[in-house]
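Enquirer: Take a look at the following structure, please.
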Amino acid sequence: MKLFWLGPTVLLFLLVSAGLLRSDTRRATHAAAVRTQAAPFVIRSSAPHAVDPADAPSPIRAGTSAMIAAPAAAPSPADPFAPVYVVTSQATWQGIRGLTRQAVARRDSAGMPLVIAESRADRLGEISHYVHVNEKRCGGYFAFPSRVEAEAFVQADRAKQAMAKSMLAGYTLDNQATVNRWLPQVQERRLYDTINHLSSYQNRYFASSHGKTAAEWIRDHWQSLAAGRSDVTTELFTACTNCSTQPSVILTIRGWDLPNEVVVLGAHLDSINASNPYDPNQHAPGADDDASGIATLTETLRIALADGWQPRRTVKFMGYAAEEVGLRGSNAIAQSFRASGVNVVSVLQVDMTNYKAGATSDMKLISDYSNTDLKNFFVTLFDTYLAPMGLTRSASACGYACSDHASWTNAGYPAAMMFEGGSPSGSFPYIHTSYDTLATMGESAQHSVKFTQFALAYLGETAKTRGKVTGGPAQVLVRE
């Protein structure tokens with residue numbers, strides 16, 4: 001259609017109107033790319049993780065106090081149009097660019113090309129759905145309530161340091177007496193019962209009342225397992241500014257003679273239904289993702305405490321809030337620990353442990369965004385304790401920000417993750433749907449048994465066991 005006969009005023013009116021209508025239309029995942037800011041995707045080689053002052057969104061400038069300002073108050077989760085600033089890989093952004101705007105290029109400390117882009121709260125489900133369907137994985141981004149916080153997060157990144165860090169404490173295999181005593185004690189029925197209870201909630205969505213109630217139940221249940229031990233404490237971590245009312249859960253067992261060295265075991269407690277992600281009453285049982293991970297931690301904790309075990313190092317079991325909407329809970333904890341100088345020497349992430357179908361390995365070691373020494377130690381643990389049972393392992397890349405271990409890696413801490421076997425054609429097919437139930441996993445928690453055994457081996461060989469007092473006045477400590 002030719003428009004040359006229209007006057008300039010009418011033509012301008014039509015163009016502006018078309019632009020307004022288009023901006024209000026829901027943008028599909030594969031919509032045309034949004035315009036980025038004027039800065040090209042050029043990264044300064046002298047400071048690969050720094051924000052270039054020339055292309056930083058005004059008024060933020062690298063090195064100014066604004067970069068470390070107090071976090072802005074998070075928008076109400078009841079507002080579907082609240083801006084959310086995502087940090088994702090450049091590759092993932094290419095697929096979700098139609099759901100974002102005002103994108104700028106950055107790099108993390110390891111040189112990974114990243115993008116910071118503005119989206120909306122009601123589009124996070126679509127972003128997660130794109131990552132799951134097209135990239136065959138979970139997560140894929142960090143989320144922040146302001147661009148200031150997103151920029152500060154990238155500028156302060158310590159992933160390169162975390163992945164290459166060689167642990168002074170060392171990872172050794174010398175506590176077989178404890179671990180071998182624990183492994184036969186894992187009970188499939190207890191794992192099943194925990195998954196069944198957590199998946200009975202309407203959902204565990206971070207902005208729903210169910211999500212808060214589920215977190216409180218985990219806190220209370222873990223506390224009951226401690227049976228009044230004075231060296232065990234439980235708490236709800238509420239210092240996450242964009243986790244709505246959902247807290248994370250932390251149980252701490254104080255270390256006997258190395259209390260300032262901290263071992264972490266974590267899983268996320270929230271769930272989401274990607275087909276209706278913003279509804280607080282969505283049906284999202286999340287049996288595999290990640291009630292199975294919480295069940296794995298719970299059974300690990302039960303066995304260790306029932307045995308009267310006391311660790312040399314301090315141990316923290318963590319149930320993270322708001323993982324499904326940008327790793328919010330784990331990032332808040334990891335950054336808090338970093339700011340407080342907490343010496344975390346090792347982090348295990350268990351995210352989905354109960355699905356395996358067909359000819360595939362029992363466990364997959366996540367190969368990227370993880371500490372090299374710790375990954376090697378995971379291989380040693382598996383080959384020593386699980387391979388003799390006939391179990392098999394493989395390795396798989398997970399991508400940027402695929403689970404909560406990425407929060408610890410970004411903060412400079414050594415972290416790694418073991419993932420479920422899945423199937424030859426991919427991962428669990430019912431993730432982020434109302435069919436993520438025990439019924440679609442054969443009404444069994446048997447696959448979580450082996451992950452609990454791995455977690456017990458990890459726990460015993462990283463936190464170690466308090467020595468037994470023997471001998472005369474010198475009270476010689478004999479280590480197991």
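Enquirer: When only residues in segment 439-462 that are open to solvent by 10 Å² or more (accessible area, probe 1.4 Å) and outside any helix (DSSP H, G or I) count, which is nearest to residue 375 (Cα to Cα)?
Expert: 444
Enquirer: Considering only segment 365-396, state which residues are basic (Lys, Arg) and open to solvent by less than 40 Å² (accessible area, probe 1.4 Å).
Expert: 375
Enquirer: Those residues that are modelled with pLDDT of 95 or more and open to solvent by less than 10 Å² (accessible area, probe 1.4 Å), I need them from segment 109-127; list them, please.
Expert: Within segment 109-127, 114, 115, 116, 117, 119 meet the criteria.
Enquirer: Which members of segment 106-158 meet the condition of being closer than 21 Å to residue 330 by Cα and among the aromatic types (Phe, Trp, Tyr)?
Expert: Passing the criteria: 141, 142, 144, 153.
Enquirer: Next question, about the same structure. I'd like the full set of residues that are part of a loop (DSSP other than H, G, I, E, B) and of a type in the set (Ser, Thr, Tyr), limited to segment 158-200.
Expert: If the condition is that a residue be part of a loop (DSSP other than H, G, I, E, B) and of a type in the set (Ser, Thr, Tyr), then 166, 171, 172, 199, 200 are the ones that fit.
Enquirer: Please state which of the following conditions residue 399 fails to meet, knowing it meets all the rest: (1) buried (at least 20 other Cβ atoms within 10 Å of the Cβ); (2) on the phi < 0 side of the Ramachandran plot.
Expert: Among (1) buried (at least 20 other Cβ atoms within 10 Å of the Cβ); (2) on the phi < 0 side of the Ramachandran plot, residue 399 violates only (2).
Enquirer: Output the qualifying pairs, or none if there are none: Cβ atoms under 6 angstrom, residues six or more apart or on different chains, first residue in segment 388-402 and over 18 Å from residue 331 (Cα atoms), second residue in a loop (DSSP other than H, G, I, E, B) and open to solvent by 40 Å² or more (accessible area, probe 1.4 Å).
Expert: 395/367; 397/367
Enquirer: Please indicate, with yes or no, whether at least one residue in segment 302-315 is over 19 Å from residue 261 (Cα atoms), open to solvent by 20 Å² or more (accessible area, probe 1.4 Å), out of contact with any helix residue (DSSP H, G or I) (no Cβ under 7 Å at 6 or more places or on another chain) and part of a strand (DSSP E or B).
Expert: No - not one qualifying residue is present in segment 302-315.
Enquirer: Which condition number does residue 114 fail, the rest of (1) over 21 Å from the mean Cα position of the chain (by Cα); (2) in a strand (DSSP E or B) being met?
Expert: Failing condition for residue 114: (1).
Enquirer: Could you tell me whether residue 224 is over 19 Å from residue 283 (Cβ atoms), hydroxyl-bearing (Ser, Thr, Tyr) and surrounded by fewer than 19 Cβ atoms within 10 Å (Cβ to Cβ)?
Expert: yes
Enquirer: Hey, can you tell me all the residues within segment 140-157 that are in contact with a strand residue (DSSP E or B) (Cβ under 8 Å, 6 or more places away or on another chain) and part of a loop (DSSP other than H, G, I, E, B)?
Expert: Narrowing segment 140-157 to residues in contact with a strand residue (DSSP E or B) (Cβ under 8 Å, 6 or more places away or on another chain): 140-147, 149-151, 153-154.
140, 145, 146 - these are the residues of segment 140-157 that are in contact with a strand residue (DSSP E or B) (Cβ under 8 Å, 6 or more places away or on another chain) and part of a loop (DSSP other than H, G, I, E, B).
Enquirer: Can you find, within segment 158-175, the residue that is farthest from residue 270 (Cα to Cα) among those that are touching a residue at least 40 places away in the same chain (Cβ under 8 Å), surrounded by fewer than 16 Cβ atoms within 10 Å (Cβ to Cβ) and not aliphatic (A, V, I, L, M)?
Expert: Among residues in segment 158-175 that are touching a residue at least 40 places away in the same chain (Cβ under 8 Å), surrounded by fewer than 16 Cβ atoms within 10 Å (Cβ to Cβ) and not aliphatic (A, V, I, L, M), the one farthest from residue 270 (Cα to Cα) is 174.
Enquirer: Return the residues of segment 337-369 that are touching a Cys at 6+ places or on another chain (Cβ under 9 Å) and of a type in the set (S, T, N, Q); say none if nothing qualifies.
Expert: Residue satisfying the conditions is 367 alone.
Enquirer: Hey, can you tell me all the residues within segment 129-139 that are part of a helix (DSSP H, G or I) and open to solvent by 10 Å² or more (accessible area, probe 1.4 Å)?
Expert: Result: 129, 130, 132, 133, 134, 135.
Enquirer: Here's another thing I want to ask about it. Among the residues of segment 327-380, write down those that are among the polar types (S, T, N, Q), more than 13 Å from the chain's Cα centre (by Cα) and either assigned to a strand (DSSP E or B) or under 20 Å from residue 300 (Cβ atoms) (or both).
Expert: Once the filter is applied, which keeps residues that are among the polar types (S, T, N, Q), more than 13 Å from the chain's Cα centre (by Cα) and either assigned to a strand (DSSP E or B) or under 20 Å from residue 300 (Cβ atoms) (or both), segment 327-380 yields 346, 353, 354, 380.
Enquirer: Starting from segment 330-354, take each residue that is closer than 27 Å to residue 192 by Cβ and list its partners that are open to solvent by 40 Å² or more (accessible area, probe 1.4 Å) and of a type outside the set (A, V, I, L, M, F, W, C), counting only C-beta distances under 6 angstrom and pairs at least six apart or across chains.
Expert: 354/447
Enquirer: Continuing with the same structure: Out of (1) part of a helix (DSSP H, G or I); (2) open to solvent by less than 10 Å² (accessible area, probe 1.4 Å), what's the single condition that is false for residue 249?
Expert: Unmet condition: (1).
Enquirer: Does segment 261-274 contain any residue that is out of contact with any Gly (no Cβ under 8 Å at 6 or more places or on another chain), hydroxyl-bearing (Ser, Thr, Tyr) and either in contact (Cβ under 8 Å) with a residue 12 or more places away in the chain or open to solvent by 10 Å² or more (accessible area, probe 1.4 Å) (or both)?
Expert: Looking for residues that are out of contact with any Gly (no Cβ under 8 Å at 6 or more places or on another chain), hydroxyl-bearing (Ser, Thr, Tyr) and either in contact (Cβ under 8 Å) with a residue 12 or more places away in the chain or open to solvent by 10 Å² or more (accessible area, probe 1.4 Å) (or both), one finds none in segment 261-274, hence no.
The values are calculated or read from the model by the stated rules, or taken from the named source; none is laboratory data. Remember, it's a predicted structure, so these values are computed and weren't measured experimentally. Using ideal geometry, Cβ is built from the backbone for each residue, glycine included, and neighbour counts are taken over all protein chains shown. Ligands, DNA and RNA are stripped out before the accessible areas are found, and what is left, the full protein with its side chains, is counted by its heavy atoms. Shrake-Rupley method; radii C 1.70, N 1.55, O 1.52, S 1.80 Å.
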